[in-house]
Every structure is written in C-alpha cells, then in structure tokens.
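A quick write-up on the structure given underneath.
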Amino acid sequence: MIKVLSKFVLVFAIAFAGFLKAGDINWSGRYLLEGQYVKNPGLSNDSNEYSFLSHHLILNPQFIAGDGIVIHSRFDIFNNSSYPNSSVGEFFGGSDTMASSTSKQKHGSGELESETLVVNELYLTYANPFGYFIAGRAPVHFGTGLTYNSGKGEFDHWFDTRDLVGYKLIFGNLYLFPMYAKIREGDAELDDDVQEWMLQAGYENLDTDLDIGLMYTIRKSNPGGMDVTAATDIYNQTGSTVSTASSLDVKTFSLYVKKRAGPVVVKLETAMQSGSSGLQTAGGDSIDIEANALVGEIKYESKGSMDVDLKAGLISGDDRGSKDYEGFLVDRNFDVGLIMFNYMLGNTATGDNIGNENYIRATTNGQKADVGYLSNAMFIAPGVHWRWSDKSGMKGRFLWAQLEQEQYSGQDKDLGYELDFSFYYKPYDRVTLQLDTGYLFTGKAFAGNPLSPNETEDAYAIMTKAAISF
C-alpha cells in the first residue's frame, strides 16, 4: 500500500508542479552510479572477489503549505532488495537470487525486472519564533554520526530514521529537543511496540566556534515486541531467545564537542550504552549490554593547497567470557578505511574474528557491499587532502588498528594496516567523479582461533563513483 501511495504522490507532484505558485514546492535530489571491486575479501589463497555496478536515485521534494509549514519527503528509486533501508542501489542486472532468476528464464528472454520506488522519509516541520515542531518519519543525526547518522553525505549508503514527534526549543545559543519515536508498532491492540524516548540538547556559539551537544536515548519494549528468532545467533550468544523475566531497556548517552581555533578544528564524541537486551542465553541468563566508544579528530585547514588531519578511536569489544555483550556497533556510515570494517573479511562462514560477525551474518545474510560495523577496535588514521585545483584533488589515509578484546584465547590483536587513496574531479558544481583505491596489509587477528587459524592474505579494492546532485 505504501509503495502504491508513494507512486501516486510522486506522479501527482510532477503533473501539477507547473500549476503551483513559485515557492510552493522545492525539488532536490541525487543520482548515484558506483562500481565496486574488492579482491580477496576472504583473505585466502583461493580466488575470491566482490564486484558489481549499481545505481540509485534519491528525490527530496519539499511541499510548502504555509508560513513555516513544510512537508519533507524522500523517495528512493531503484532499490536493492538485498539491502533494505539503504542507498546501496540496485545492481546492474538486478539483485535477485539464482532460484528466482531461473524461474524467469532470463538467460533466454533477456528480460529485466521492473525496479521499486520506496518512501524513506515523510515528515512535517512547523517553525516559529520559539523553535520548531516535527512529526513523521524523519532523519536522526547527532555529532560526528558515531551512533545516529542521517546519511546525507554524497556517497553514504545508510541512514537513520524514526517515526517521531518532537519539538525543538531554542533559547539563544542553547537548544532543547525532546522526541518520542516508534520503531515498531506491531498489533494495534497488543503491547508489542518498540519505543524510543530521545532528548537532545546543545550549545552552539558561532562567535567562539564552539559546539557542544548531548543526546540521551531510552529504547524499550516488552517481550511481545522482540522480533528476534530463536535461530538468530545475536550478541555472540548461540541459541539466544526472548526473555520472559526481563524486557528490552537500553540506554544510550552521547556527548559531542567541536571547537575551532584558527585553522585547527577539534572534534570529540563519546557514547555509552547500558541496559537489558531483552534476550537470554540458552542457559536462561539475561543478556545485558555494557558498551562504549570514543572517537576524536584533529584537523589543520591550511590556506594553501593541503590539509592534514588525524582520526583516532577506541571502540569496546565483546568479552566472550561474559554472558553479556560489551561490543559497541558504530553507525555504518562512520568510515575510517575503505576496506577494513566496511566488508566481511576472512572466513566469515565459520570465523568470528572481530566479535560482530555473528551480528552481521544474522541480519545481512548474503550481503557483500558495505555492511560491516566498526567495533572492537583501537585505531589511528592520519590523513591528507591535497587540492590540485578548484575542481580536482586527492585524499589519502593510513589506517592502523588492533582488537580491543580478543575473541579467542591466544588470538593476535593486530588487525593490520591499510593505505587508501581517493582521486576526485568536479567538472561542475553539482557533479562529482571519484576513484577510490585501498590496500589492506592483513593482520594476524584475522587468523581467528589459533587452534584452527584462517589464512591472512592481503586484500585490495578499486571503486569508481559518480554523484549528480540537483
């Protein structure tokens, strides 16, 4: 029903846009075309690779209903059924399985299936002198995007949205933004909802170039709202099931600070999670969550042709000797390297080298593009941005990382290091052409269990990207 309704709204808007007064509707969007080639993601001597071409269209019409009243929307066209709620885009040739492809005998007919249009955002904002009211399915973002990331970057593949109601109160340089969100409604007559209470507050001073923000979230659900299945190996616990003794009750506290001093910009964000997962181990013990993350960046923005920066972070990992889960899963849009933490590396069919493979495998079965989570790692990543001209340049980054918590007794903590380069060209203001390359010098941590180690051969990647904004 939503797909049919979204198509009707889009056709209606296009058909009658010419009759609307200027300013009644604003159009913006972005077309993405990407090619990916990752050689040896299995980190073995066997020939293995990930490769595909994809394209995707994002439309963001805004309907201005009156003074301060705006209806925002996001239509995603050509979506990949294997990567729901993402901007990965549909693969050239489609993303259906061999079984469904064979049933249509494409090898003979050469026919391609029609692609889909979905609505990922639809919300109302009403601005007034005291702040603004927001309601609907809206993007959520905070700080550097460590935990909440709206995915507005040019080549972002993931985004966070919530069905929420909130009001942002503004007091000079201070703001207070309480929100209530529903993640899952379930049956309207049953108490099987998943809900979030969010409070965002901050201080922004343009004169002193200081930005401070905090966000506190409580996610709750009764056992009836838990949609995990008994077969899901999640939180590194085989055979975990919904607990009848405890409910989902996870609290996340995030703090963000940004300060500029001349050409130097410093960013720091930390997040802490605690509470009950609402699940229990096969032995009946409650699985609690105790995780944290700390990331920072210092950047020197020169007036010349070259900027330099340094990124560093410490992301907690799961202690396999504990029944609880201590691993922090950073938002998928938060990238520090091209290959490491973006892809499932090594023998993922049997290995659990970093501590989040069970989580990824359970929720993204069969996916190969940009599904990794940064977790269980300490990393340092210096970078450089060399501007050749107003339209072209090169970015480079060196990444070193090691495990924060080994997953097997005697496991090596060295994740290795990675060298990435990105070349870009902008022939026009709204067009970006980019070539990304990366080489992973694989560390011994990917060997996993020392009693039955995996191979740790190197891997490399080449990616081409084009973004056209309008």
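The values are calculated or read from the model by the stated rules, or taken from the named source; none is laboratory data. All figures in this text were calculated on a predicted structure; none of them were measured in a lab. Here the Cβ is made from the backbone with ideal geometry for all residues, glycine too, and neighbour counts use every protein chain on show. Side chains are part of the model used for accessible areas, which takes the heavy atoms of the whole protein and leaves out ligands, DNA and RNA. Shrake-Rupley method; radii C 1.70, N 1.55, O 1.52, S 1.80 Å.
Enclosing the Cα atoms of segment 203-330 in their convex hull gives a volume equal to 126 cubic angstrom per residue. With the Cα gyration tensor of segment 306-356 giving a ≥ b ≥ c as the square roots of its eigenvalues, does the rule (a/c under 1.5 for rounded; else a/b larger than b/c for prolate; else oblate) give rounded, prolate or oblate? Because a/c hits 1.5 or more and a/b fails to exceed b/c, segment 306-356 counts as oblate.
Net charge in the neighbourhood of S221 (other residues with Cβ under 12 Å of its Cβ; Lys, Arg +1, Asp, Glu -1) is -3.
Per-residue ellipticity at 222 nm, computed for the chain from helices alone with -39500 (n - 2.57) per DSSP H run of at least four residues, works out to -2000 deg cm²/dmol. If you only keep lysine pairs separated by 8 or more in sequence, or across chains, how many in segment 299-450 come under 29 Å at the Cα atoms? Step by step, the pairs that qualify in segment 299-450 add up to 26. Here the chain is assigned +1 on the Cβ of each Lys and Arg and -1 on the Cβ of each Asp and Glu. Its dipole about the Cα centre then comes out at about 1340 debye. Give me the net charge of G143's neighbourhood, meaning all other residues with Cβ under 12 Å from the Cβ of G143; Lys, Arg count +1, Asp, Glu -1. For residues surrounding G143, the net value is -2. For segment 373-467, the set of chymotrypsin sites (Phe, Trp or Tyr not before Pro) satisfying both a DSSP loop assignment and a count of at most 14 other C-beta atoms within 10 Å is given as W388. Considering only the other residues whose Cβ falls under 14 Å of the Cβ of S44, what net charge follows from Lys and Arg at +1 and Asp and Glu at -1? Combined, the nearby Lys, Arg, Asp and Glu give -4. Projection of the Cα convex hull of the chain, averaged over all directions and equal to a quarter of that hull's surface, yields 25.4 nm².
The GluC sites (Glu not before Pro) of segment 152-227 meeting both criteria, a DSSP state outside H, G, I, E and B (loop) and at most 14 other C-beta atoms within 10 angstrom of the site's C-beta, are E154, E185, E189.
Remark: segment 437-442, residue by residue, has Karplus-estimated 3J(HN,Hα) of 9, x, 10, 9, 8, 5 Hz, where x stands for each Gly or Pro and the curve is 6.51 cos²θ - 1.76 cosθ + 1.60 at θ = phi - 60°. Compactness ratio for segment 124-265: Cα radius of gyration over 2.2 N^0.38 Å (N = residue count) comes to 1.27. Does anything in segment 236-263 have its amide N under 20 Å from the 7 Å Cα→Cβ label point of E301, and if so which residues? Those under the cut-off are 256-263. Phi-derived couplings, Karplus 6.51 cos²θ - 1.76 cosθ + 1.60 at θ = phi - 60°, listed residue by residue for segment 111-125: 7, 9, 6, 5, 9, 10, 10, 10, 9, 9, 9, 7, 8, 10, 10 Hz, with x used for Gly and Pro.
The H on the amide N of Y417, modeled in the peptide plane, is under 5 Å from the matching H of F441, G443, each at least 5 residues off or on a different chain. Heavy-atom surface analysis with a 1.4 Å probe gives the chain a carbon and sulfur content of 59 percent of its accessible area. Report the calculated FRET efficiency for F253 and D207 (r = Cβ-Cβ distance, R0 = 25 Å), to the nearest 0.05. After rounding to 0.05, the efficiency reads 0.30.
With protein chains left intact and a 1.4 Å probe, residues in the chain average 49 Å² of accessible area per residue. The mean sequence separation of alpha-carbon pairs under 8 Å and at least six residues apart, normalised by the residue count of the chain, gives a relative contact order of 12 percent. A simple rule links phi to the HN-Hα coupling: the Karplus curve 6.51 cos²θ - 1.76 cosθ + 1.60 with θ = phi - 60°, which for segment 203-216 gives 9, 10, 10, 6, 5, 9, 6, 10, 9, 10, x, 9, 9, 10 Hz, with x for Gly and Pro. Lysine pair count for segment 162-272 with Cα-Cα distance under 14 Å and sequence separation of 8 or more or different chains is 4. Summary value for segment 143-259: 20 percent relative contact order, contacts being C-alpha pairs under 8 angstrom separated by 6+ residues.
Between A261, A245, L214, whose Cα lies farthest towards the positive end of the dipole of segment 212-307 when Lys and Arg beta carbons carry +1 and Asp and Glu beta carbons carry -1, centred on the Cα centre? Comparing the listed Cα positions along the dipole, A261 ranks first.
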